[in-house]
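> Following this message is one structure expressed as structure tokens.
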Amino acid sequence: MSDKAPDMNKTTVSGNAPEASGTVSYNHDTGVRIFLQIGTCSIIAGILETAREIRSYIQIHQVRAEVYECGCMGMCSSDPVVDVEISGRAKISLQKLNANAVTDIFDSLLNHILPDNCFILGQYSSGYGLPWEGVPFIDDLPFFSLQHRVLLKDAGSLVPVSLQQYQQIGGFDGLRKALYTYSPAAVCDEITQSGLTGRGGGGYSTGAKLKTVLQHHSHKKFLICNADESDPGSFSGRLLIESKPFMLLEGITIAAYASGATEAIIYIRNQYQLAIERLREAIRILYQAHVLGDDIWDSGMHLNISIYESPGAYVCGEETALIENLEGNRGMPRPKPPYPATKGYLNMPTVVNNAETLCNLPLILLHGAEWFQSLGNSFNSGTKLFSVAGNTRVGGVVEVKMGTSIQQVIDATNESMFSGELKAIQLGGPSGGFVPASQFDTPLDYYHLKQMNLYLGSGSFTVLNKNNCIVDVCKYFMEFIENESCGKCIPCREGSQRMSEIFRRIVSRPDDSEEFATLLRFKGVMQLEHMAGVMTRTSLCGLGQNAPGVVLSALKHFRNEFEEHIFERVCSADVCRNLKMFRINPENCTGCGICAKRCPADAIAGSLKQVHYIVPERCIACGLCFDSCKFNAIIKN
Amino acid sequence: MQRLISENNIRNSNDVLRLLQLLQIESGCISHQNISDISKYLGVPESKVYSLATFYNFFRFTPKGKYHIEVCNGTSCHVKTKHDLYAEVSRLTGLYRGQTSKDGMLSLEFVNCLGACAQGPVVKINETYYTRVDTQQLSEIISGLLKKSE
């Protein structure tokens with residue numbers, strides 16, 4: 001049947017046939033080509049100003065140059081990144097390119113002189129042009145060489161809204177294969193066989209989910225793509241959508257074909273304006289190219305895709321809460337069963353899948369289930385994106401095979417000299433947990449993490465070093481849950497409030513007589529464990545069930561930090577400032593009065609040239625006096 | 001509001017959330033008058049409209065100030081902040097999260113994530129982003145704003 005597949009190049013905007021499948025082709029002969037890597041991260045870092053500067057430079061100096069607005073390759077800490085290709089030379093990647101550095105850098109680059117080292121990220125080894133001397137190859141940088149990029153392949157060099165470029169790297173071949181050579185049930189089977197599991201954290205087989213919906217008879221079925229990413233600290237899905245919007249749309253179309261859905265909704269966070277803008281443009285192009293709408297490529301399949309901008313609630317990451325939100329209600333989870341696969345949006349069978357899961361589908365269809373299995377280990381197949389941030393040297397999105405060790409991700413984002421200072425990894429955000437440095441050899445897959453009682457969540461990977469206090473991070477996540485709990489079921493609503501209270505008590509200075517206060521604080525920790533157990537067992541949805549995981553893993557691996565806070569009232573990481581006490585050493589104090597002037601709380605008393613005194617009840621422990629004293633007269637404990 | 005209702009085909013009680021979203025985008029905040037109007041027009045109890053508007057982070061009940069300060073409270077920004085940026089910005093502006101100053105110049109909001117995790121801590125004032133902010137820098141920025149608003 002494959003001969004029925006139409007040649008899609010005819011329908012694209014401009015008609016240059018690709019020279020070779022698999023890479024994006026440009027004319028390498030003449031002029032200068034500038035590739036701006038535009039993503040939310042780089043916009044925040046100021047790439048729009050840089051771009052304006054570059055365009056005016058080109059105009060003033062009458063450089064024959066083409067400027068492309070590409071996606072972002074995910075090395076967020078180096079933003080703004082701009083790639084430049086001068087005729088005859090290899091493409092070079094410039095990092096941290098601020099607007100005011102543009103003139104100098106282009107002056108030298110256009111004369112074939114390398115600019116200052118701090119601006120150079122590396123060069124591409126694509127085979128065109130003479131390599132620059134002394135410049136490392138991008139593929140050799142640990143950040144890229146230790147990754148296995150499948151989903152993110154070409155993420156920084158594609159123009160996100162160019163259908164033609166997406167087709168040049170094999171885009172829509174997977175859909176074509178699905179539509180013309182497979183039945184919907186066969187697509188489901190292929191996906192089941194590949195071993196793809198939901199990347200949103202649940203880890204449920206995607207193929208099985210699609211098949212349940214397919215087998216359920218109904219006159220209308222829905223597909224919802226969850227691109228909300230309401231976890232604080234995860235941004236991998238956003239980067240994927242911003243850089244390759246067509247990939248998500250192709251995945252959605254394949255999933256819709258496999259499940260029989262005719263209506264797809266992309267549920268996306270309202271803050272992701274750039275992603276929304278690019279998706280809208282991509283959807284418009286696809287309707288034009290007849291890849292969406294009625295009777296796609298004469299195959300008899302219908303699909304409409306719409307975008308819903310979510311008003312923002314963490315609990316809406318839970319599929320039933322998300323559906324409640326779409327129906328116009330408060331986003332509160334429903335009891336399961338019935339599962340959305342049988343009774344979901346508007347009581348119709350509904351597939352709810354994470355954006356990253358759906359992006360895998362085109363590749364599975366194109367390369368086959370066996371290829372996908374070969375990417376992982378024996379427990380999970382495929383790759384997984386991680387949003388690496390926190391106290392790391394390089395922050396950004398890392399894609400590795402399932403089963404890669406945590407250490408390898410750390411090596412990719414840190415130079416080895418930093419590793420010794422690392423304390424733990426916080427995996428999976430509020431529903432995840434901590435992995436201490438001693439267990440960095442743990443393979444990253446659902447099976448091994450589950451054995452450690454950890455959930456991968458949506459793949460946030462926050463690096464904590466010795467300057468971070470575990471108790472403080474726990475308190476942060478508990479307060480987040482306290483804020484975001486929808487309030488439907490009591491264990492989560494009340495449990496998160498009580499647990500936050502206990503944390504607040506642990507990190508604040510006890511004002512009671514000493515023994516009694518310590519007892520209360522100690523009792524708090526005992527209650528923490530008990531409450532965490534109750535919450536895990538009795539909460540209605542995944543949010544409540546997984547929320548105490550952070551606390552439990554912290555108590556398991558970092559009990560000494562809790563004890564230190566309770567008994568010694570010391571935060572060795574120097575974060576919990578309310579535990580700090582300041583007093584003045586009368587021997588060193590000269591009575592200069594600088595500390596009294598700086599004190600925002602008027603807590604320092606004393607007249608000029610007399611020894612000063614800190615009133616403990618007033619002191620807010622901000623530490624300004626400690627920083628301002630020139631005579632080391634302020635003592636901190 | 002009438003215009004929004006007629007332009008966007010809002011008909012029944014299922015559209016409350018959509019109307020609230022349109023209003024928030026249009027006017028920057030939801031007023032209590034809006035809530036009673038919606039309730040009357042769509043025949044939904046005021047309590048239901050209010051419960052929807054308070055559930056989602058997107059809606060505000062106070063108008064934004066001329067300078068709208070958003071401090072990122074994402075995980076990455078939190079673990080990268082050495083001193084308590086949130087307490088500091090509250091102290092400097094005299095505002096708590098979600099508040100607007102009386103003269104309407106400053107408003108403060110803590111947001112869950114601004115999306116620049118690798119460059120944190122991040123503070124956004126209107127459309128300008130400040131990355132890798134420390135307390136010293138923050139106090140300079142805010143005292144600059146306070147001077148401008150005088």
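> Given the conditions (1) within 14 Å of chain B (Cβ to nearest Cβ); (2) under 19 Å from A:Lys209 (Cα atoms); (3) of a type outside the set (Val, Ile, Thr); (4) touching a residue at least 60 places away in the same chain (Cβ under 8 Å), report the number of the one that A:Leu240 does not fulfil.
Exception for A:Leu240: condition (2).
> Out of region A:273-328, which residues are touching a Gly at 6+ places or on another chain (Cβ under 8 Å) and either in the same structural domain as A:Thr40 (by TED's automatic domain parsing) or assigned to a loop (DSSP other than H, G, I, E, B) (or both)?
Within region A:273-328, A:His302, A:Ala313, A:Glu318 meet the criteria.
> Ok, one more. Do we find a residue being within 20 Å of the chain's Cα centre (by Cα) and not polar (S, T, N, Q) anywhere in region A:282-305? Quick ask: steps written out before the conclusion?
Initially, region A:282-305 is screened for residues within 20 Å of the chain's Cα centre (by Cα), giving none.
No - not one qualifying residue is present in region A:282-305.
> Let me confirm something: among A:Ala554, A:Ala601, A:Ala596, which residue is outside the structural domain of A:Leu322 (by TED's automatic domain parsing), touching a strand residue (DSSP E or B) at 6+ places or on another chain (Cβ under 9 Å) and farther than 27 Å from A:Ala437 by Cβ? Spell out the reasoning first.
On the way: A:Ala554 fails: farther than 27 Å from A:Ala437 by Cβ; A:Ala601 fails: touching a strand residue (DSSP E or B) at 6+ places or on another chain (Cβ under 9 Å).
Of A:Ala554, A:Ala601, A:Ala596, the one residue that is outside the structural domain of A:Leu322 (by TED's automatic domain parsing), touching a strand residue (DSSP E or B) at 6+ places or on another chain (Cβ under 9 Å) and farther than 27 Å from A:Ala437 by Cβ is A:Ala596.
> Which of the residues belonging to region A:255-272 are within 20 Å of A:Asn325 (Cα to Cα) and either within 14 Å of another protein chain (Cβ to nearest Cβ) or in a helix (DSSP H, G or I) (or both)?
A:Ile265, A:Tyr267, A:Ile268, A:Arg269, A:Asn270, A:Gln271, A:Tyr272
> If you scan region A:30-50, which residues turn out to be touching a Leu at 6+ places or on another chain (Cβ under 8 Å), closer than 16 Å to A:Asp107 by Cα and either not in a helix (DSSP H, G or I) or not polar (S, T, N, Q) (or both)?
Across region A:30-50, the qualifying residue is only A:Val32.
> Of the residues B:Thr54, B:Thr62, B:Thr75, which single one is of a type in the set (S, T, N, Q) and over 13 Å from the mean Cα position of the chain (by Cα)? If you could, list the steps in order and put the result at the bottom.
Numbers: B:Thr54 fails: over 13 Å from the mean Cα position of the chain (by Cα); B:Thr62 fails: over 13 Å from the mean Cα position of the chain (by Cα).
After ruling out the rest, the residue left standing is B:Thr75.
> Further, regarding this structure: Which strands (runs of 3 or more DSSP E) sit wholly inside region A:355-467 and have at least 1 residues that are of a type in the set (Gly, Ala, Ser), at pLDDT below 90 and surrounded by fewer than 24 Cβ atoms within 10 Å (Cβ to Cβ)?
none
> Just to check your reading of the model, which residue among A:Ser387, A:Ser378 is of a type in the set (Ser, Thr, Tyr) and either on the phi > 0 side of the Ramachandran plot or within 14 Å of chain B (Cβ to nearest Cβ) (or both)?
A:Ser387
> Would you point out the residue of region A:117-164, among those that are aromatic (Phe, Trp, Tyr) and under 21 Å from A:Arg238 (Cβ atoms), that is surrounded by the most Cβ atoms within 10 Å (Cβ to Cβ)?
Checking each candidate, the answer is A:Phe143.
> When you check B:Arg18 against the structure, is it in a loop (DSSP other than H, G, I, E, B) and basic (Lys, Arg), yes or no?
No.
> Looking only at region B:81-91, decide whether some residue is outside the structural domain of B:Thr135 (by TED's automatic domain parsing) and acidic (Asp, Glu).
No, that holds for no residue.
> Next question. From the list A:Glu69, A:Glu133, A:Glu85, which residue is more than 14 Å from chain B (Cβ to nearest Cβ), closer than 14 Å to A:Ile38 by Cα and acidic (Asp, Glu)?
When all the criteria are applied, what remains is A:Glu69.
> Can you tell me which residues in region B:30-59 are buried (at least 17 other Cβ atoms within 10 Å of the Cβ) and either in contact (Cβ under 8 Å) with a residue 60 or more places away in the chain or part of a loop (DSSP other than H, G, I, E, B) (or both)?
From region B:30-59, those buried (at least 17 other Cβ atoms within 10 Å of the Cβ) are B:30, B:34-35, B:37-39, B:42, B:44, B:48-50, B:52-53, B:55-59; that's our starting set.
Passing the criteria: B:Ile30, B:Val44, B:Tyr56, B:Asn57, B:Phe58, B:Phe59.
> Can you name the residue in region A:73-106 that is in a helix (DSSP H, G or I) and polar (S, T, N, Q) and, of all such residues, is surrounded by the fewest Cβ atoms within 10 Å (Cβ to Cβ)? Before the answer, list the steps.
Going through region A:73-106, the residues in a helix (DSSP H, G or I) turn out to be A:76-78, A:99-106.
With polar (S, T, N, Q) added as a condition, the list becomes A:77-78, A:100, A:103.
Working: A:Ser77: 22, A:Ser78: 24, A:Asn100: 10, A:Thr103: 15.
Going through the qualifying residues, I end up with A:Asn100.
> Let me ask something else about it. Of all residues in region A:191-226, which are in a strand (DSSP E or B), hydroxyl-bearing (Ser, Thr, Tyr) and either buried (at least 21 other Cβ atoms within 10 Å of the Cβ) or in contact (Cβ under 8 Å) with a residue 24 or more places away in the chain (or both)?
Residues of region A:191-226 that are in a strand (DSSP E or B), as a first pass: A:197, A:205, A:222-226.
Then drop every residue that is not hydroxyl-bearing (Ser, Thr, Tyr), which leaves A:197, A:205.
Matches in region A:191-226: A:Thr197 only.
> Turning to a different aspect of this structure: Just name the residue that is surrounded by the most Cβ atoms within 10 Å (Cβ to Cβ) out of those in region B:106-126 that are in a loop (DSSP other than H, G, I, E, B) and within 10 Å of chain A (Cβ to nearest Cβ).
This residue is B:Ala116.
> Cβ-Cβ distance below 8 Å, separation of 6 or more or different chains: which pairs start in region B:68-95 with a residue that is closer than 18 Å to A:Gly396 by Cα and within 7 Å of chain A (Cβ to nearest Cβ) and end on one that is part of a strand (DSSP E or B) and of a type in the set (Ser, Thr, Tyr)?
Pairs that qualify, where the first residue is closer than 18 Å to A:Gly396 by Cα and within 7 Å of chain A (Cβ to nearest Cβ) and the partner is part of a strand (DSSP E or B) and of a type in the set (Ser, Thr, Tyr), are B:Thr75/A:Ser460; B:Thr75/A:Thr462; B:Ser76/A:Thr462; B:Val79/A:Thr462.
> Search region B:2-20 for residues being closer than 22 Å to A:Leu346 by Cα and either of a type in the set (Ser, Thr, Tyr) or crowded, with 18+ Cβ neighbours inside 10 Å (or both), and hand back the single one that is nearest to the chain's Cα centre (by Cα). So that I can check it myself, show each step before the final result.
Narrowing region B:2-20 to residues closer than 22 Å to A:Leu346 by Cα: B:8-20.
Okay, now just the ones that are also either of a type in the set (Ser, Thr, Tyr) or crowded, with 18+ Cβ neighbours inside 10 Å (or both), so B:10, B:13, B:15-17, B:19-20.
Values: B:Ile10: 25, B:Ser13: 26, B:Asp15: 23, B:Val16: 20, B:Leu17: 18, B:Leu19: 18, B:Leu20: 15 Å.
Filtering region B:2-20 for residues that are closer than 22 Å to A:Leu346 by Cα and either of a type in the set (Ser, Thr, Tyr) or crowded, with 18+ Cβ neighbours inside 10 Å (or both), the one nearest to the chain's Cα centre (by Cα) comes out as B:Leu20.
> Which residues, counting only those in region A:290-322, are out of contact with any strand residue (DSSP E or B) (no Cβ under 9 Å at 6 or more places or on another chain), of a type in the set (Gly, Ala, Ser) and buried (at least 21 other Cβ atoms within 10 Å of the Cβ)?
A:Ala313, A:Ala321
> Give me a count of the residues in region A:468-501 that are part of a helix (DSSP H, G or I) and within 11 Å of another protein chain (Cβ to nearest Cβ).
Going through region A:468-501 one residue at a time, the tally reaches 10.
Matching residues to (1) farther than 18 Å from A:Leu454 by Cβ; (2) in contact (Cβ under 8 Å) with a residue 60 or more places away in the chain; (3) not basic (Lys, Arg):
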{"site": "A:Glu529", "(1), (2), (3)": "no, no, yes"}
{"site": "A:Gly533", "(1), (2), (3)": "no, no, yes"}
{"site": "A:Thr536", "(1), (2), (3)": "no, no, yes"}
{"site": "A:Cys541", "(1), (2), (3)": "yes, yes, yes"}
{"site": "A:Pro548", "(1), (2), (3)": "no, no, yes"}
{"site": "A:Lys556", "(1), (2), (3)": "no, no, no"}
{"site": "A:Asn560", "(1), (2), (3)": "yes, no, yes"}
{"site": "A:Phe567", "(1), (2), (3)": "yes, no, yes"}
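> Exactly one of these conditions fails for B:Arg91: (1) in contact with a Pro (Cβ under 7 Å, 6 or more places away or on another chain); (2) buried (at least 20 other Cβ atoms within 10 Å of the Cβ). Give me its number.
That leaves (2) as the condition not met.
The values are calculated or read from the model by the stated rules, or taken from the named source; none is laboratory data. Since the model is a prediction, treat every value here as computed from it, not as a measurement. Don't worry about glycine lacking a Cβ; one is built from the backbone with ideal geometry, like all the others, and counts go over all protein chains shown.
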